[in-house]
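Visitor: What follows is a structure written as structure tokens; I'll ask about it next.
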Protein chains: 2
Amino acid sequence: MTLYFIGIGLNDEKDITLKGLETVKKCEYIYLEYYTSMLHCDIADLEDLYGKKIITADRDMVEKRADEIIDQAREEDVAFLVIGDIFGATTHTDLMLRAKEKDVHCAFIHNASIINGVGIVGLELYKYGRITSIPFQSPGFSPETHYTVLKENKTHGLHTLMLLDLRPHEDKFMTVNDAIKSLLELERKRKEQVFSEDTWCIGCARIGGDHKIKYATAKNLLAQDFGEPLHCLIIPGELHFVEEDAIAQWK
Amino acid sequence: MTLYFIGIGLNDEKDITLKGLETVKKCEYIYLEYYTSMLHCDIADLEDLYGKKIITADRDMVEKRADEIIDQAREEDVAFLVIGDIFGATTHTDLMLRAKEKDVHCAFIHNASIINGVGIVGLELYKYGRITSIPFQSPGFSPETHYTVLKENKTHGLHTLMLLDLRPHEDKFMTVNDAIKSLLELERKRKEQVFSEDTWCIGCARIGGDHKIKYATAKNLLAQDFGEPLHCLIIPGELHFVEEDAIAQWK
């Protein structure tokens, strides 16, 4: 029996691959990892398509019930569905390692992720530096990594992709506007001339689906409403003329 | 009518998404970009699944016949299929821009690409630096960018993914072994202590399909046969202990 890790893509139930769908249909237990991303369809739409019941799993469950999931995969085929592609989060790598340790066979069916999905913006994927994320602040936790990574990438003329935090269970999603405010605040604090109201950025929402993409200064993007999640923010580095042409379409 | 850009994934005909398949089935003309990557199935397998004839397009054709493709999309639905995801190559961005200029509607259906596919290796996708590629040498062309990028990424403790050149029409594919030899040669020339026979690397083949992944020193990887294309080479930067555990499985 096999533990299948299956990416289900970025938007809705029809983004699963044929291979993914065939596999889900033959599985006895189907888990959906539902804390690192979200879809633009209901879980019922997935269940209708698969003809199967889905067990949604948050981080806690994946960590605590990993052994149970793995034991099930010893007896029956089990699907572990991930929105986007499979290995965005270390929890999934960890689940795979624990399964392999217990000699449970694993198989992998890939799909699109935001990392290649942003190709649509028109910046060369080869010219992105390190990807970073902006987590929600909380008392005693004021992340600055995204500012540091932006500074580093900028030094090398590279583009920066910032993924924005989400808590689907609380219906809480960071917006492009939140991300820009966070960067402006860090600039006021650290004063390393990394980001200002005049920095040109690309705000993105719902990549892989009904996307909205806007290229403007931070100040002007702040006035935009990007609508439904998920959002991400791109700060271009040095631009090749083909890239300039490409992103001009979003001005 | 619409010009659809459709990623068809990394391995075979069943890696297309349901949305992708539904769309291809309703298109009048179907182009397959067949020079930046390759599949592990025959074009006839795609045609059988789609119930349609496929026109394979090399770089030259995409560039020269772009206007023709765009004009067709004014009258009929046209699919432009890309192995992996859509926007790995600037030619595709260019085709999209030319279509939009001519007011031809474009739509996009994403899929897995090697960029997220390498997640399976177990290194965090957030900790890769700039991606680079190694092109074939030719008289008067001795690329060194991959060495320079590796040096830069290493300085920041980041992982480096090197994509390897291919010429499917000549049945010519760069191997992990070729890539390592190229790096050793550049080290001998530039002596910047970026790479040696003792550098630990991860050699990968056929990610997204029947993969082979090996983690060893450059010297030991040179003795390995990775088999069928496509290959790529990863040189890890600083390792988190979870990453160390993860890649140990490929030793």
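Visitor: Could you please let me know if B:F87 is at the interface with another protein chain (Cβ under 8 Å from one of its Cβ atoms), surrounded by 24 or more Cβ atoms within 10 Å (Cβ to Cβ) and either part of a helix (DSSP H, G or I) or not small (G, A, S) (or both)?
Guide: On the way: at the interface with another protein chain (Cβ under 8 Å from one of its Cβ atoms): yes; surrounded by 24 or more Cβ atoms within 10 Å (Cβ to Cβ): yes; either part of a helix (DSSP H, G or I) or not small (G, A, S) (or both): yes.
Yes: the conditions hold for B:F87.
Visitor: Consider the stretch A:39-76. How many of its residues are assigned to a loop (DSSP other than H, G, I, E, B), surrounded by 12 or more Cβ atoms within 10 Å (Cβ to Cβ) and not acidic (D, E)?
Guide: From the stretch A:39-76, those assigned to a loop (DSSP other than H, G, I, E, B) are A:39-42, A:51-54, A:58, A:65, A:76; that's our starting set.
Okay, now just the ones that are also surrounded by 12 or more Cβ atoms within 10 Å (Cβ to Cβ), so A:39-41, A:52, A:54, A:58, A:65, A:76.
Filter once more, keeping what is not acidic (D, E): A:39-41, A:52, A:54, A:65.
The number of residues fulfilling the criteria is 6.
Visitor: Do we find that B:I202 is assigned to a strand (DSSP E or B), touching a Cys at 6+ places or on another chain (Cβ under 7 Å), closer than 16 Å to B:L164 by Cα and at pLDDT 95 or above in this structure? Break it down stepwise before answering.
Guide: Details: assigned to a strand (DSSP E or B): yes; touching a Cys at 6+ places or on another chain (Cβ under 7 Å): no; closer than 16 Å to B:L164 by Cα: yes; at pLDDT 95 or above: yes.
When the stated conditions are applied, B:I202 does not pass them.
Visitor: Criterion first (more than 14 Å from every other protein chain (Cβ to nearest Cβ), hydroxyl-bearing (S, T, Y) and over 18 Å from B:L10 (Cα atoms)) does B:Y29 satisfy it?
Guide: Details: more than 14 Å from every other protein chain (Cβ to nearest Cβ): yes; hydroxyl-bearing (S, T, Y): yes; over 18 Å from B:L10 (Cα atoms): yes.
Yes.
Visitor: Follow-up question, since we're still on this one. Test of understanding: among B:F241, B:F226, B:F173, which residue is surrounded by fewer than 22 Cβ atoms within 10 Å (Cβ to Cβ), free of Cβ contacts under 8 Å to residues at least 40 places away in the same chain and not acidic (D, E)?
Guide: Values: B:F226 fails: free of Cβ contacts under 8 Å to residues at least 40 places away in the same chain; B:F173 fails: free of Cβ contacts under 8 Å to residues at least 40 places away in the same chain.
Just one listed residue meets the conditions, B:F241.
Visitor: Given (1) in contact with a Ser or Thr (Cβ under 8 Å, 6 or more places away or on another chain); (2) touching a residue at least 40 places away in the same chain (Cβ under 8 Å); (3) under 26 Å from A:W250 (Cβ atoms), identify the lone condition not met by B:H92.
Guide: (1)
Yes or no, residue by residue, for (1) under 23 Å from A:L10 (Cα atoms); (2) modelled with pLDDT of 95 or more:
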residue: B:I54; (1), (2): no, yes
residue: B:E68; (1), (2): no, no
residue: B:D71; (1), (2): no, yes
residue: B:D77; (1), (2): no, yes
residue: B:K100; (1), (2): no, no
residue: B:F108; (1), (2): yes, yes
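Visitor: Could you list, in sequence order, all residues of the stretch A:95-126 that are within 7 Å of chain B (Cβ to nearest Cβ) and part of a helix (DSSP H, G or I)?
Guide: Answer for the stretch A:95-126, where residues must be within 7 Å of chain B (Cβ to nearest Cβ) and part of a helix (DSSP H, G or I): A:L97, A:K100, A:I115, A:N116, A:G117, A:G119, A:I120, A:L125, A:Y126.
Residues checked against (1) more than 14 Å from A:I16 (Cα to Cα); (2) of a type in the set (V, I, T):
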site	(1), (2)
A:E33	yes, no
A:T36	yes, yes
A:C41	no, no
A:D48	no, no
A:K52	yes, no
A:D60	yes, no
A:K64	yes, no
A:E68	yes, no
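Visitor: Determine whether the stretch B:129-141 contains at least one residue that is touching a Gly at 6+ places or on another chain (Cβ under 7 Å) and at pLDDT 95 or above. Please lay out each step first, then the result.
Guide: Within the stretch B:129-141, the first condition is being touching a Gly at 6+ places or on another chain (Cβ under 7 Å), and the residues that meet it are B:129-130.
From the residues that got through so far, the ones that are at pLDDT 95 or above too are B:129-130.
Yes, the conditions are met somewhere in the stretch B:129-141.
Visitor: Of B:Q224, B:Q137, B:Q193, which residue is of a type in the set (S, T, N, Q) and either in contact with a Lys or Arg (Cβ under 8 Å, 6 or more places away or on another chain) or within 14 Å of chain A (Cβ to nearest Cβ) (or both)?
Guide: Working: B:Q137 fails: either in contact with a Lys or Arg (Cβ under 8 Å, 6 or more places away or on another chain) or within 14 Å of chain A (Cβ to nearest Cβ) (or both); B:Q193 fails: either in contact with a Lys or Arg (Cβ under 8 Å, 6 or more places away or on another chain) or within 14 Å of chain A (Cβ to nearest Cβ) (or both).
Sole residue among the options that is of a type in the set (S, T, N, Q) and either in contact with a Lys or Arg (Cβ under 8 Å, 6 or more places away or on another chain) or within 14 Å of chain A (Cβ to nearest Cβ) (or both): B:Q224.
Visitor: Would you confirm, using the coordinates I've provided, whether B:L150 is touching a Phe, Trp or Tyr at 6+ places or on another chain (Cβ under 9 Å), in a strand (DSSP E or B), buried (at least 23 other Cβ atoms within 10 Å of the Cβ) and not acidic (D, E)? Explain how you work it out, then say what you get.
Guide: On the way: touching a Phe, Trp or Tyr at 6+ places or on another chain (Cβ under 9 Å): yes; in a strand (DSSP E or B): no; buried (at least 23 other Cβ atoms within 10 Å of the Cβ): yes; not acidic (D, E): yes.
Here the answer is no, as B:L150 does not meet what is asked.
Visitor: If you don't mind, there's one more thing I want to ask. Of the residues that make up the stretch A:131-144, is at least one in contact with a Leu (Cβ under 8 Å, 6 or more places away or on another chain) and farther than 24 Å from B:H240 by Cα? Write out each step before concluding.
Guide: From the stretch A:131-144, those in contact with a Leu (Cβ under 8 Å, 6 or more places away or on another chain) are A:131-134, A:144; that's our starting set.
With the extra rule that they be farther than 24 Å from B:H240 by Cα, the set shrinks to none.
Looking through the stretch A:131-144, none of the residues is in contact with a Leu (Cβ under 8 Å, 6 or more places away or on another chain) and farther than 24 Å from B:H240 by Cα.
Visitor: Would you check if B:L163 is farther than 20 Å from A:G209 by Cα, within 12 Å of chain A (Cβ to nearest Cβ), buried (at least 24 other Cβ atoms within 10 Å of the Cβ) and at pLDDT 95 or above?
Guide: Working: farther than 20 Å from A:G209 by Cα: yes; within 12 Å of chain A (Cβ to nearest Cβ): yes; buried (at least 24 other Cβ atoms within 10 Å of the Cβ): yes; at pLDDT 95 or above: yes.
Here the answer is yes, as B:L163 does meet what is asked.
The values are calculated or read from the model by the stated rules, or taken from the named source; none is laboratory data. Predicted model, so just to flag it, every value in this text is computed and none were measured. No Cβ is skipped: glycine too gets one built from the backbone with ideal geometry, and neighbour counts run over all protein chains shown.
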